[in-house]
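The values are calculated or read from the model by the stated rules, or taken from the named source; none is laboratory data. No experiment lies behind these values; they were computed from the predicted model shown. Don't worry about glycine lacking a Cβ; one is built from the backbone with ideal geometry, like all the others, and counts go over all protein chains shown. Surface accessibility is based on the protein's heavy atoms, side chains included, excluding ligands, DNA and RNA. Shrake-Rupley method; radii C 1.70, N 1.55, O 1.52, S 1.80 Å.
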Amino acid sequence: MSDRSYWERHAAHYDASLRILGRPFPRMLELTQAAVRGRARVLEVAAGTGLVTTALAEVAGEVVATDYASAMVEVLERRVRELGLANVRCEQADIYALRFEPGSFDAVVAANVLHLVPDLDGALRALKRVLRPGGKLITPTFCHDETWLSAILSRAASLTGFPSHRRFTARSLREALESFGAHVDRAETLAGLVPIGYVESTFDR
């Protein structure tokens, strides 16, 4: 089963599956909102069913929310429509082939996806391309190797076909971004069954 087909199959119960991992989410959303507050145009990749999208819509001018699984986009569009989020546009898009002009966005949010991408540098390169000079990259990411419990849970999940391509710690996540050339402006480890490493970065041009 391909990575894409996994997410197509799991879109309907994605929200329910995240409830057991939800302890870091309130703080993650608080930090993410603060990072994008007042920014005119924000891109969200791997938006899934819109759990982060709704928070972004409260504080940003325009949000373009994307996911590469069509079933996820269907759920996302329904949530946006039901909540009446007029400043959100939903699109199906591959993180490696974003159909936007260079420098199109004031901020890019890639929440809980960097551990899932096969080509990390390729994904970061694509996200950097669409950021304007001085724009903010926000990458909260599940850190599967942060604790012994999260490591056990991660390895158990892999037996079910969960398509993770790397297991970060908060430190290795930050180091991966810095190795790519990002300047880390803020980093915080958010506790949970699987902790989230929250990182905000900018790039020199």
Task: Solvent-accessible heavy-atom area per residue, rounded to whole Å², over the chain at 1.4 Å - done: 45 Å²
Task: Amide hydrogen neighbours beyond the local backbone of Ala107, cut-off 5 Å, H modeled - done: Arg41, Leu43, Lys136
TODO: Sticking to Cα atoms, compute the Rg of the chain to one decimal and its Dmax as the biggest Cα-Cα distance, whole number, in Å.
DONE: 15.7, 43
Task: Magnitude of the charge dipole, the chain, Cβ model with Lys/Arg +1 and Asp/Glu -1, debye to 20 - done: 120 debye
Open item on the list: Using the basic label-point model (7 angstrom from Cα toward the beta carbon), what is the Arg89 to Arg155 distance in nanometres?
Closed with: 4.6 nm
- [ ] In whole Hz, with x marking every Gly and Pro, tabulate ³J(HN,Hα) for region 87-102 from phi via Karplus 6.51 cos²θ - 1.76 cosθ + 1.60, θ = phi - 60°.
- [x] 9, 10, 10, 10, 9, 8, 7, 8, 4, 7, 9, 6, 8, 10, 5, x
Task: For region 161-170, Karplus couplings with θ = phi - 60° (6.51, -1.76, 1.60), whole Hz, Gly/Pro x - done: x, 4, x, 7, 9, 7, 10, 7, 9, 4
Open item on the list: Contact order normalised by length for region 1-141, with contacts defined as Cα pairs under 8 Å and 6 or more residues apart; what percent is it?
Closed with: 24 percent
Task: From phi via Karplus (6.51, -1.76, 1.60), per-residue ³J(HN,Hα) for region 66-73 in Hz, x at Gly/Pro - done: 10, 8, 8, 9, 4, 5, 5, 5
